[in-house]
Protein chains: 2
Amino acid sequence: MSRRTVSHEDGAIYEFTPDLEGIATVEPGTELTIETRDSLDGAVQAETDVLESVPEEVNAATGPIEIDGADPGDVLRVEIAEIRIAEPQGRVITTDGFGLLDGHDGIEAPRTRLTPVDGDAGTIAFGDLEVPIEPVIGTIGVAPDSESYTTLVPHDHGGNLDTTDMTAGNVAYFPVFREGAMLAMGDCKAAMADGEMCGTGSEIATEIDVTVDVIETPELALQRPLVETPDAWKTIASAETLEAACELANGDAIDLLAAEHGFDRTEAYMVSSLVGGLEISQVVDPLVTVRNAVPKAYLSSPF
Amino acid sequence: MSRRTVSHEDGAIYEFTPDLEGIATVEPGTELTIETRDSLDGAVQAETDVLESVPEEVNAATGPIEIDGADPGDVLRVEIAEIRIAEPQGRVITTDGFGLLDGHDGIEAPRTRLTPVDGDAGTIAFGDLEVPIEPVIGTIGVAPDSESYTTLVPHDHGGNLDTTDMTAGNVAYFPVFREGAMLAMGDCKAAMADGEMCGTGSEIATEIDVTVDVIETPELALQRPLVETPDAWKTIASAETLEAACELANGDAIDLLAAEHGFDRTEAYMVSSLVGGLEISQVVDPLVTVRNAVPKAYLSSPF
């Protein structure tokens with residue numbers, strides 16, 4: 001099957017809604033290249049371009065892409081093969097009212113720093129510092145069940161998860177809530193810390209190679225996103241507080257451990273407290289996101 | 001210099017107070033073996049031994065050890081060389097009113113599971129699961145400045161940090177608040193997940209080989225614990241909420257980055273948002289603990 005390209009110029013969304021309509025329809029198993037623009041829609045090209053506040057439209061997500069045959073209750077499998085940087089510079093910004101240390105002593109907003117790309121070295125520059133390019137898909141998700149969420153918000157449908165594991169070599173899984181799933185993604189970073197403390201990574205345009213597939217009516221229903229790395233399965237949850245997100249992510253990890261080993265929930269909870277553990281995705285979006293990693297030594301594929 | 005042994009039988013504390021008095025006095029540079037009993041003082045030896053609540057005295061910390069010449073404003077350096085398991089089994093427990101999912105559906109408390117040690121394999125067993133022994137010092141700290149903290153509580157003096165990086169091969173740094181520093185440690189685990197969700201790891205007695213040293217009047221004053229791994233410097237902070245702990249840990253990381261590179265705080269904040277990142281230590285103690293990792297590629301020793 002030949003690779004198919006879907007560009008943000010074909011269509012992009014700023015809100016995940018239950019009634020999304022696809023700009024492209026593909027069969028399960030299709031290899032796609034998805035072109036994404038930077039999260040700020042190209043508005044920041046110089047260090048004098050500063051943003052007084054978070055734009056109303058931010059994190060454009062290329063799509064939606066309808067996956068033929070995906071039905072509610074299925075799981076959408078998105079294998080991320082490669083993420084290529086598609087412009088010569090990224091940007092890191094602060095903006096008023098956003099970021100972990102917003103309003104703290106010495107933290108200025110708005111401010112912009114450009115991070116030029118050195119393609120040969122595989123780095124971006126922040127002043128004299130060279131930072132390896134390790135691209136992250138910031139926003140990735142599907143049509144939600146009943147509520148709508150702007151692309152600034154993460155929730156059970158995915159969305160603005162800002163999770164460093166959304167990267168090449170990993171596989172993302174999403175619950176299918178609506179017919180066709182309606183996959184969309186964008187808001188990529190050339191590099192990002194766990195936490196995304198200042199509110200951004202190095203925001204940048206990319207080309208993402210993925211293979212999409214559908215897991216029909218899995219035994220274990222998925223309620224929230226899940227990501228598979230070479231070493232671990234990680235549940236992902238977003239909530240008002242990190243504590244509440246930890247509870248959700250840990251609860252989901254317990255369900256996986258219990259199903260695999262025949263543990264009751266208390267036994268699975270105890271095992272979750274011994275191996276892998278809780279990880280921070282981001283602490284800056286309207287809902288915050290954590291994950292619970294369970295090493296593959298203790299968990300095979302739930303599907 | 002010959003190695004010196006300090007045992008919990010010589011002395012152990014259940015509270016870090018400003019007026020601690022040493023049970024042993026050592027010179028900077030001393031190699032110590034510190035023997036610790038399990039966090040539950042041996043009360044749980046069978047799966048029928050369950051704890052109705054967190055004991056009033058818990059997490060016995062062997063010590064305090066007075067380090068000759070350590071003065072307020074100095075930094076205590078604790079290089080962790082090896083942690084040996086010192087009993088044939090650990091234990092994982094739930095107890096009422098404690099743990100991330102306390103009171104959730106299907107989570108029973110109190111319950112106890114034993115985790116027998118296989119010394120040859122280097123594992124503990126949880127039922128049929130074999131979990132590699134990767135020991136963690138749960139409680140480690142010094143005399144605080146003015147308040148007192150039971151060994152159940154983590155704070156700027158250290159204490160019940162429950163941080164997986166407190167392990168062999170790493171170096172822990174603590175602010176010295178009181179003359180002699182008054183180092184104490186215990187509450188070790190044979191294995192523990194980041195988060196320590198059920199409220200414990202595999203609690204177990206150990207022998208810990210450390211070398212203690214004093215960094216006199218460092219240029220950058222340390223306000224909270226710091227840990228050095230082979231790859232990163234990690235600030236550690238505890239607070240009422242994970243969000244507040246993240247703010248403290250990120251602020252400390254920014255101070256280190258700014259001092260090293262001559263960045264202003266906003267630039268350092270932006271760099272902190274690109275590399276390494278926030279990590280969860282524990283989400284179950286009276287204050288919760290996070291760390292902010294900065295890879296050594298961007299930070300040399302602050303001392």
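Measuring nothing but label to label, 7 Å from Cα along Cα→Cβ, what are A:E108's distances to the other copies in nm, shortest first?
Label-point separations across copies, in nm and ascending: 6.1.
Would you calculate the volume per residue, in Å³, of the smallest convex hull containing every Cα atom of the range A:4-221?
117
With no solvent and one equal point scatterer per Cα, compute the Debye intensity ratio I(q)/I(0) for the range A:187-252 at 0.12, 0.16, 0.17 Å⁻¹ and report its log10, rounded to two decimals.
Treating every Cα as an identical point scatterer, log10 I(q)/I(0) equals -0.48, -0.85, -0.94.
Suppose every K and R has +1 on its Cβ and every D and E has -1 on its Cβ; what is the size of the dipole of the range B:135-204 about the Cα centre, in Debye to the nearest 20?
160
Between the label point of B:R84 and that of the same position in each other copy, find the distances and list them shortest first in nm, with every label point placed 7 Å from Cα along the Cα-to-C-beta direction.
When each copy's label point is compared with this one, the spacings are 5.7 nm.
Find the centroid of the Cα atoms in the range A:200-247 and in the range B:234-256, then give the distance between the two in whole Å.
26
Taking the Cβ-Cβ separation of B:H261 and A:S300 as r and a Förster radius of 51 Å, what is the calculated FRET efficiency to the nearest 0.05?
With R0 = 51 Å, the Cβ-Cβ based efficiency is 0.70.
What full-extension length gain, to one decimal in nm, is calculated for B:E52 and B:D71 as 0.36 nm per residue of separation minus the Cα-Cα distance?
2.7 nm
If I model a spin label at A:D96 and B:A43 as a point 7 Å from the Cα along the Cα→Cβ vector, what separation in nanometres do I get?
The modelled label-to-label distance comes out at 5.5 nm.
Sticking with the crude label model, points 7 Å out along Cα→Cβ, report the distance from B:A86 to A:T25 in nm, one decimal please.
According to this spin-label approximation, the distance is 7.0 nm.
May I ask you to derive the FRET efficiency for A:T241 and A:A221 from their Cβ-Cβ distance with R0 = 22 Å, giving the value to the nearest 0.05?
0.30
Mind checking which lysines have their C-alpha under 25 Å from A:K296, skipping anything on the same chain fewer than 8 residues away?
A:K234, B:K189
Using the eigenvalues of the Cα gyration tensor, what equivalent ellipsoid semi-axes result for the range A:1-130 when each is taken as the square root of five times the eigenvalue, whole Å, largest first?
Semi-axes, largest first: 33, 20, 13 Å.
Distances from B:E207 to the same residue in each other copy, label points 7 Å out along Cα→Cβ, in nm, shortest first?
6.1
Let's test the formula: R0 of 25 Å, r as the Cβ-Cβ distance of A:H104 and B:D145. What FRET efficiency results, to the nearest 0.05?
After rounding, the FRET efficiency stands at 0.65.
Take chain B, mark every one of the GluC sites (Glu not before Pro) that falls in a DSSP loop and has at most 12 other Cβ within 10 Å, then report the longest stretch left between them, sites excluded.
My reading of the result: B:57-146 is the longest stretch.
What whole number of Å gives the distance from the Cα centroid of the range A:14-42 to the Cα centroid of the range A:84-159?
Value for the Cα centre distance between the two parts: 19 Å.
Once the Cα atoms of helix B:242-261 and of chain B are each reduced to a long axis, what angle between those two axes, in degrees from 0 to 90 to the nearest 10, is obtained?
Compared with the principal axis, the helix lies near 40 degrees.
May I ask which residue of chain B has the beta-carbon nearest to the axis carrying chain B onto chain A, and at what distance in whole Å?
Value returned for chain B: B:L242, 2.
For chain B, what does the helix formula give at 222 nm: sum of -39500 (n - 2.57) over DSSP H segments with n ≥ 4, over the residue count, nearest 500 deg cm²/dmol?
Value at 222 nm, helices only, nearest 500: -3000 deg cm²/dmol.
If you restrict to DSSP beta bridges whose two residues both lie in the range B:4-218, what percentage is antiparallel, to the nearest 5?
90
For the range A:74-135, max minus min Cα coordinate along each principal axis, in Å, sorted largest first?
Taking max minus min along each principal axis of the Cα atoms, the range A:74-135 gives 44, 40, 16 Å.
Mind putting together the pair-distance distribution for the protein assembly as shown? All Cα pairs, 10 Å bins, whole percent per bin, short to long.
4, 18, 26, 24, 18, 8, 2, 0
Every read-out reported here was derived from the displayed coordinates using simple, explicitly stated rules and does not represent laboratory data. As the structure is a prediction and not an experimental result, all values here were calculated from the model. For neighbour counting, all protein chains shown are included, and Cβ atoms are generated from backbone atoms with ideal geometry for every residue, glycine included.
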